[in-house]
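The values are calculated or read from the model by the stated rules, or taken from the named source; none is laboratory data. If you're wondering where the values come from, they're calculated on a predicted model, not measured in any experiment. So basically every Cβ, Gly included, is an ideal-geometry build from the backbone, and we count neighbours across all protein chains shown.
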């Protein structure tokens with residue numbers, strides 16, 4: 001039942017060192033690529049990274065921008081970061097056995113929308129395989145795109161660090177359905 | 001298995017008149033609201049419309065803009081529209097027993113990304129309930145938002161006409177996995 005997967009699935013930032021089978025990663029992409037897209041353009045690309053050197057470089061590039069971002073954060077955002085114990089350090093970029101970089105092809109209409117539908121599919125497929133992730137959006141996607149030689153028209157939408165959960169935090173609460181649903185009038 | 005749902009799920013623009021149980025619609029929203037979101041802001045709202053009068057008004061508003069859009073279409077887009085027999089007429093806005101309008105709350109960061117993840121969840125949940133839809137993005141979302149009295153900071157992301165499939169077209173082909181996956185370097 002999809003609901004069980006969706007309900008159990010939680011954001012994970014801490015990973016065990018066990019390396020998942022690459023076939024499981026490919027399975028989740030096989031699921032993701034079945035998503036619908038504007039004009040069936042399938043405007044997505046999936047880059048699997050397991051090379052520790054490249055992971056380390058991505059971590060350095062992302063953390064540099066994160067540090068600036070954190071120093072400038074204020075208000076509700078700063079509060080959220082502190083409450084949730086989120087720092088500029090992104091250890092998961094190193095500790096997750098895989099980084100899955102998902103790109104959208106901006107030459108096509110609705111490339112962002114379509115790609116994020118496919119990411120939704122992929123998150124549920126990961127859960128099915130008992131794999132965890134966090135939808136990490138680096139502040140400086142362009143620098144990371146350059147590092148991995150992505151063509152200019154591919155936009156880095158998200159980095160998904162993937163592995164087995166070593167997370168102690170519970171899933172954050174969701175609103176009740178009556179808070180987010182209306183009938184016939186907003 | 002998620003793969004089976006993802007693989008079988010196809011875009012549907014023609015619907016039977018049978019009215020699905022509202023509990024099934026609510027089930028899919030229960031799935032969707034488990035999606036992750038930036039700062040766990042849950043920046044989404046789901047408006048269920050089954051009032052024929054409102055459906056008709058939405059159809060009139062959308063088709064007015066579609067007609068203009070089609071008259072201006074050219075190149076690959078025009079080709080796609082003709083090949084796929086897609087016209088400016090959006091009969092599904094009338095024939096689908098339900099329209100589910102999904103809004104993102106633009107006051108939150110990553111509201112679009114988060115909402116489209118939740119739409120991905122929802123599409124698979126619909127498939128699980130044997131329900132079908134098309135991710136219809138009207139050219140003039142603002143006019144429709146006004147009609148249903150959505151607050152200004154809610155952006156209409158998609159209209160999902162929902163019902164039982166009466167579609168004869170097959171699912172459009174997807175690329176092979178090796179066309180969309182790279183390892184360690186794009």
Next on the checklist: Among (1) under 15 Å from the mean Cα position of the chain (by Cα); (2) within 11 Å of chain A (Cβ to nearest Cβ); (3) over 23 Å from residue A:104 (Cα atoms), there is one condition residue B:151 misses while meeting the rest; what is its number?
Outcome noted: (1)
Checklist entry - Do you know which residues across the stretch A:97-125 are touching a helix residue (DSSP H, G or I) at 6+ places or on another chain (Cβ under 8 Å) and over 24 Å from residue A:41 (Cα atoms)? => result A:98, A:99
Checklist outcome for this item: Checked against (1) crowded, with 20+ Cβ neighbours inside 10 Å; (2) more than 10 Å from chain A (Cβ to nearest Cβ); (3) over 18 Å from residue B:32 (Cβ atoms), residue B:162 satisfies every condition except (3)
Checklist outcome for this item: Inside the stretch B:5-25, the number of residues satisfying the requirement of being within 7 Å of chain A (Cβ to nearest Cβ) and surrounded by fewer than 15 Cβ atoms within 10 Å (Cβ to Cβ) is 0
Checklist entry - What single numbered condition from (1) under 29 Å from residue A:85 (Cβ atoms); (2) facing chain B (nearest Cβ under 8 Å) fails to hold for residue A:33? => result (1)
Next on the checklist: Anything in the stretch B:89-113 that is buried (at least 18 other Cβ atoms within 10 Å of the Cβ) and more than 16 Å from the chain's Cα centre (by Cα)? List them, or say none.
Outcome noted: B:105, B:108, B:110, B:111
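Out of B:49, B:2, I need the residue that is at the interface with chain A (Cβ under 9 Å from one of its Cβ atoms) and either more than 13 Å from residue B:123 (Cα to Cα) or free of Cβ contacts under 8 Å to residues at least 12 places away in the same chain (or both). Which one?
Details: B:2 fails: either more than 13 Å from residue B:123 (Cα to Cα) or free of Cβ contacts under 8 Å to residues at least 12 places away in the same chain (or both).
Being at the interface with chain A (Cβ under 9 Å from one of its Cβ atoms) and either more than 13 Å from residue B:123 (Cα to Cα) or free of Cβ contacts under 8 Å to residues at least 12 places away in the same chain (or both) holds for just one of B:49, B:2, which is B:49.
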Checklist entry - Which residues, counting only those in the stretch A:20-53, are under 16 Å from the mean Cα position of the chain (by Cα) and in a helix (DSSP H, G or I)? => result A:25, A:26, A:28, A:29, A:31, A:32
Item to check | For residue A:56: the one exception among (1) exposed (fewer than 13 other Cβ atoms within 10 Å of the Cβ); (2) closer than 28 Å to residue B:176 by Cα | outcome: (2)
Checklist outcome for this item: Counted residues in the stretch B:92-131 being at the interface with chain A (Cβ under 10 Å from one of its Cβ atoms), part of a helix (DSSP H, G or I) and in contact with a strand residue (DSSP E or B) (Cβ under 8 Å, 6 or more places away or on another chain) come to 10
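Hey, could you check the stretch A:53-63 for residues that are in contact (Cβ under 8 Å) with a residue 40 or more places away in the chain and closer than 21 Å to residue A:21 by Cα and say which is farthest from the other protein chains (Cβ to nearest Cβ)?
Quick first cut of the stretch A:53-63, residues in contact (Cβ under 8 Å) with a residue 40 or more places away in the chain only: A:54-55, A:57-58, A:61-62.
Among the residues that remain, those that are also closer than 21 Å to residue A:21 by Cα are: A:54-55.
Working: A:54: 6, A:55: 10 Å.
Going through the qualifying residues, I end up with A:55.
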Checklist entry - Scanning for something in contact with a helix residue (DSSP H, G or I) (Cβ under 8 Å, 6 or more places away or on another chain) and at pLDDT 95 or above, does the stretch A:18-27 turn up at least one residue? => result yes
Checklist outcome for this item: Selection over the stretch A:132-145 where residues are within 10 Å of another protein chain (Cβ to nearest Cβ) and farther than 22 Å from residue A:87 by Cβ yields a count of 1
Item to check | Leading residue by the ranking (nearest to residue B:17 (Cα to Cα)) among those in the stretch B:81-91 that are within 10 Å of chain A (Cβ to nearest Cβ) and in a loop (DSSP other than H, G, I, E, B) | outcome: B:86
Checklist entry - What about residue B:56, is it at pLDDT 95 or above, on the phi < 0 side of the Ramachandran plot and in a loop (DSSP other than H, G, I, E, B)? => result no
Item to check | Residue in the stretch A:70-85 that is modelled with the highest pLDDT, counting only those that are surrounded by 15 or more Cβ atoms within 10 Å (Cβ to Cβ) and within 21 Å of residue A:14 (Cβ to Cβ) | outcome: A:70
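Filter the stretch A:165-185 down to the residues that are outside any loop (DSSP other than H, G, I, E, B) and at the interface with another protein chain (Cβ under 7 Å from one of its Cβ atoms), then identify the one that is surrounded by the fewest Cβ atoms within 10 Å (Cβ to Cβ). Steps first, answer last, please.
Going residue by residue through the stretch A:165-185, those that are outside any loop (DSSP other than H, G, I, E, B) are A:165, A:177-179, A:181-183.
Next, only the ones that are at the interface with another protein chain (Cβ under 7 Å from one of its Cβ atoms) stay: A:177, A:181-183.
Working: A:177: 14, A:181: 18, A:182: 17, A:183: 12.
Once the filter is applied, the top-ranked residue is A:183.
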